[in-house]
1. Considering only segment 56-65, state which residues are open to solvent by less than 100 Å² (accessible area, probe 1.4 Å) and among the hydrophobic types (A, V, I, L, M, F, W, C).
2. When segment 29-55 is examined, which residues are found to be in contact with a strand residue (DSSP E or B) (Cβ under 9 Å, 6 or more places away or on another chain), open to solvent by 50 Å² or more (accessible area, probe 1.4 Å) and under 12 Å from D7 (Cβ atoms)?
3. What is the residue count in segment 3-42 for residues that are out of contact with any helix residue (DSSP H, G or I) (no Cβ under 8 Å at 6 or more places or on another chain), at pLDDT 95 or above and of a type outside the set (A, V, I, L, M, F, W, C)?
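The values are calculated or read from the model by the stated rules, or taken from the named source; none is laboratory data. Only a predicted model underlies this, so the values are computations on that prediction, with no experimental measurement involved. Counting neighbours? That spans all protein chains shown, and the Cβs are built from the backbone with ideal geometry, glycine included. Protein only, heavy atoms only, side chains kept; ligands, DNA and RNA dropped before computing areas. Shrake-Rupley method; radii C 1.70, N 1.55, O 1.52, S 1.80 Å.
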Amino acid sequence: MRILAVDDDPVILELLRSCLGRVGEYELTCCDTAEAALKTISGTEMPFDCFLLDIMLPGVDGIEMCKI
């Protein structure tokens with residue numbers, strides 16, 4: 001399962017990396033802004049199966065990213 005996590009808190013992203021990395025069934029990609037995440041999404045051929053979004057992000061927030 002391909003997961004894209006978007007959070008501006010590096011502690012949260014590291015927690016996700018450590019937890020999901022142990023399972024081994026997940027391919028986790030992390031971004032710290034919605035803009036970086038949207039660029040990542042547009043630059044990949046294989047779609048993501050799941051998005052984990054922080055609602056309060058600098059610039060474009062998680063809700064607006066969902067709309068885009």
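1. Selection gives L57, V60, I63, M65.
2. D32, F51, L52, L53
3. So the count comes out to 9.
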